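As structure tokens, the structure follows; a few thoughts come after it.
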Number of protein chains: 2
Amino acid sequence: MSDLLQRLRARGWRLTAQRRVIAEVLDGEHVHFTADEVHARAVERLPEISRASVYNTLGELVALGEVLEVTTDGRAKRYDPNAHHPHQHLVCSGCGTMRDVRLTDDPLAALPEEERFGFAVSQVNVTYYGRCPDCVAAS
Amino acid sequence: MSDLLQRLRARGWRLTAQRRVIAEVLDGEHVHFTADEVHARAVERLPEISRASVYNTLGELVALGEVLEVTTDGRAKRYDPNAHHPHQHLVCSGCGTMRDVRLTDDPLAALPEEERFGFAVSQVNVTYYGRCPDCVAAS
DNA sequence: ATCCTATATTGGACTTTGTCCAAGTCAAGA
DNA sequence: TCTTGACTTGGACAAAGTCCAATATAGGAT
């Protein structure tokens, strides 16, 4: 993630304070923040940053393929900066925490041609649900 | 779906006009309505039915396992009465319509033990995305 | 058949999540 | 340092869904 700003500049992005702060917030392993969580953390470093800029920037990062958008239940979308290593998610149905996981097979291959109904299938989302060790112990 | 009302009565449900109409709307193959779509169709038969009752009833049907709740990216939840035949979904990224699809392999098997991190994994959701024939033709 | 009451329904206020826009600001090339 | 088009801002707006107090009713009891 540290060279994200380099890549963005190479694509003609203006490097504003807001974008830098948002990139910093998204830096790290196993980060799965909602837009509001990103905004809350960004505000700590740049108090005047607006919600609109967070939404704009996250949307642009998703469009560029630098960040993945993950929707689990009907709640807020989460943003996953680990976009360059294909992976899926394992979500705790108790507390909602999320882990990145890797599958043995490409899930696109599990959808046979006769089940595609003429769609140009381009993407697949696989999400596993279960109780995490903490939630199992607590019950 | 026709014996749904029987099962619900066996579970102590009151059979109100509202619940009957909602069950009728959900009857059929490949039905994937949003709550608002269910409401719009229910109103045709029972003009005074409220949005709150639709949300209440759908939530109860989901809790009973009679209907599945499907959340796709950023859109309204959809309700799938085909709860007794395991299947996955194929969603058009253009218009949001949805098809039931069946996979060749059980996706639970694709998550190896060392990627489960001690979770008691119980469920998996697989959703494919692509443009449907209509949306491909229109672009 | 009528009454009774727990359960269901209703409309509207409210919340959450996200989008849109006109006006002001600023990064970076000239 | 100047200029300009891209970026940011706050606030209004919208969609989806929840919550609640008041009202209505299904279905068992009488």
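Structural remarks
- With respect to being more than 14 Å from DNA strand D (Cβ to nearest atom), closer than 30 Å to residue A:121 by Cα and surrounded by 12 or more Cβ atoms within 10 Å (Cβ to Cβ), residue B:87 fits the description.
- Some residue of the range A:52-60 being free of Cβ contacts under 8 Å to residues at least 24 places away in the same chain, among the hydrophobic types (A, V, I, L, M, F, W, C), surrounded by 18 or more Cβ atoms within 10 Å (Cβ to Cβ) and closer than 29 Å to residue B:132 by Cα: no
- Any hit, the range B:99-120, residues being touching an Asp or Glu at 6+ places or on another chain (Cβ under 8 Å) and either assigned by TED's automatic domain parsing to the domain that holds residue B:36 or assigned to a helix (DSSP H, G or I) (or both): yes
- All of (1) touching a residue at least 24 places away in the same chain (Cβ under 8 Å); (2) touching a strand residue (DSSP E or B) at 6+ places or on another chain (Cβ under 6 Å); (3) within 30 Å of residue A:59 (Cβ to Cβ) hold for residue B:96 with one exception: (2).
- Criterion: over 17 Å from residue A:72 (Cα atoms), within 14 Å of chain A (Cβ to nearest Cβ) and at pLDDT 95 or above - qualifying residue of B:46, B:58: B:58
Every residue, every condition in (1) modelled with pLDDT of 95 or more; (2) surrounded by 15 or more Cβ atoms within 10 Å (Cβ to Cβ); (3) not basic (Lys, Arg), yes or no:
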position: A:2; (1), (2), (3): no, no, yes
position: A:6; (1), (2), (3): no, no, yes
position: A:11; (1), (2), (3): no, no, no
position: A:26; (1), (2), (3): yes, yes, yes
position: A:50; (1), (2), (3): yes, no, yes
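- The set of residues in the range B:82-115 being within 7 Å of another protein chain (Cβ to nearest Cβ) and under 20 Å from residue A:130 (Cβ atoms) consists of B:103, B:105, B:107, B:110, B:111, B:112, B:115.
- Residues (within 14 Å of another protein chain (Cβ to nearest Cβ) and touching a helix residue (DSSP H, G or I) at 6+ places or on another chain (Cβ under 7 Å)) located in the range A:34-43: A:35
- The residues of the range A:128-139 that are surrounded by fewer than 20 Cβ atoms within 10 Å (Cβ to Cβ) and either within 21 Å of residue B:106 (Cα to Cα) or more than 7 Å from chain B (Cβ to nearest Cβ) (or both), listed by number, are A:129, A:131, A:134, A:135, A:137, A:138, A:139.
- Residue match in the range B:94-110 (condition: surrounded by 15 or more Cβ atoms within 10 Å (Cβ to Cβ), under 17 Å from residue A:89 (Cβ atoms) and of a type outside the set (Phe, Trp, Tyr)): yes
The values are calculated or read from the model by the stated rules, or taken from the named source; none is laboratory data. If you're wondering where the values come from, they're calculated on a predicted model, not measured in any experiment. We place every Cβ from the backbone using ideal geometry, glycine too, and count neighbours over all the protein chains shown.
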